[in-house]
Amino acid sequence: MFLSFFQEPPPLETPRLLLRRLRLSDARDLFEYASDPEVARHVLWQTHTSLSQSRAFLKEARRQYRSGFPGSFALVLKDSQKMIGTIGFMWINPEYHSCEVGYSLNRNYWNRGLMTEALRAVIAFAFNELRLNRVEAQHEVDNPASGRVMAKASMRYEGTLRQRIRNKGHYSDVAVYAILRRDFNKGG
């Protein structure tokens, strides 16, 4: 059902960002933020320790595109063409018309509304192009800034799942947010 969308994901544009396929040429920009322990603290991947690790990540992302597996977009600043983060689909369930979205952002660009802008674009894509009914996201409860991004993108807090994930050697509670098609169609 979604194979063609993810083999060649269409670029998405926001006022300040271009969301496009990841490229091998993004390796240096990816390493710039993926090597930052503070950025990697609340995501499920480990801090990158070498440029070759970032290249391997990009090669895997490109393999996922070829297989039609739901994946990530690069977040690129329109004015400089710098790749500053990723946002994409953790999973899609075609039977239930639902998905989970995840993201990461270079710390130099935190608190500028860029991730909210990107999340809104991905939510619109999920509803308008993929014809999904539910988009959800989760964040570790000790990362409330991520929850604010979700709320600003019109996602609603649904609850906290205790010790839902094991990340970097410890169990973490996560807060779950979601937006439904009917909420999106009403403007949030």
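Can you tell me which of R107, R166 is among the basic types (K, R) and within 19 Å of A34 (Cβ to Cβ)? Quick ask: steps written out before the conclusion?
Numbers: R166 fails: within 19 Å of A34 (Cβ to Cβ).
Going through R107, R166 in turn, the sole match is R107.
Within the range 77-95, if we keep just the residues that are closer than 15 Å to R28 by Cβ and either of a type in the set (A, V, I, L, M) or crowded, with 23+ Cβ neighbours inside 10 Å (or both), the residue that is nearest to the chain's Cα centre (by Cα) turns out to be T86. Got at least one residue in the range 40-49 being modelled with pLDDT of 90 or more, outside any loop (DSSP other than H, G, I, E, B) and not small (G, A, S)? The answer is no, given that none of the residues of the range 40-49 is modelled with pLDDT of 90 or more, outside any loop (DSSP other than H, G, I, E, B) and not small (G, A, S).
The set of residues in the range 24-59 being exposed (fewer than 15 other Cβ atoms within 10 Å of the Cβ), in contact with a helix residue (DSSP H, G or I) (Cβ under 8 Å, 6 or more places away or on another chain) and charged (D, E, K, R) consists of R28, E38, K59. Of all residues in the range 25-56, those satisfying the criterion of being among the hydrophobic types (A, V, I, L, M, F, W, C), closer than 25 Å to Y171 by Cβ and in contact with a Phe, Trp or Tyr (Cβ under 8 Å, 6 or more places away or on another chain) are A34, V39, W45. Considering only residues in the range 68-95 that are among the aromatic types (F, W, Y) and over 19 Å from E140 (Cα atoms), the one that is modelled with the highest pLDDT turns out to be F73.
Pairs meeting the criteria (first residue in the range 105-119 and without any contact (Cβ under 8 Å) to a residue 24 or more places away in the chain, second residue not hydrophobic (A, V, I, L, M, F, W, C), beta carbons under 9 Å, at least 6 apart or on different chains) are R112/R16. Residues in the range 58-75 that are in a helix (DSSP H, G or I) and under 23 Å from A126 (Cβ atoms): E60, A61, R62, R63, Q64, Y65, R66, S67.
Scanning the range 88-104 for residues that are hydroxyl-bearing (S, T, Y) and without any contact (Cβ under 8 Å) to a residue 60 or more places away in the chain turns up Y96, S98, Y103. Within the range 124-138, the set of residues being touching a residue at least 40 places away in the same chain (Cβ under 8 Å) and either under 12 Å from A175 (Cβ atoms) or surrounded by fewer than 22 Cβ atoms within 10 Å (Cβ to Cβ) (or both) comprises A124, F125, F127, E129, L130, N133, R134, E136, A137. When the residues of the range 8-58 are filtered to those that are of a type in the set (D, E, K, R) and in contact with a Pro (Cβ under 9 Å, 6 or more places away or on another chain), the one that is nearest to D79 (Cα to Cα) is R20.
Scanning the range 139-188 for residues that are surrounded by 19 or more Cβ atoms within 10 Å (Cβ to Cβ) and touching a Gly at 6+ places or on another chain (Cβ under 8 Å) returns H139, A175, V176, Y177, I179.
In this structure, is S98 of a type in the set (G, A, S), in contact with a strand residue (DSSP E or B) (Cβ under 8 Å, 6 or more places away or on another chain), surrounded by fewer than 22 Cβ atoms within 10 Å (Cβ to Cβ) and at pLDDT 95 or above?
yes
Annotation: R62 fulfils all but one of (1) surrounded by fewer than 17 Cβ atoms within 10 Å (Cβ to Cβ); (2) farther than 21 Å from L130 by Cβ; the unmet one is (2).
The values are calculated or read from the model by the stated rules, or taken from the named source; none is laboratory data. Keep in mind that what you see is a predicted model, and the values were worked out from it rather than measured. No Cβ is skipped: glycine too gets one built from the backbone with ideal geometry, and neighbour counts run over all protein chains shown.
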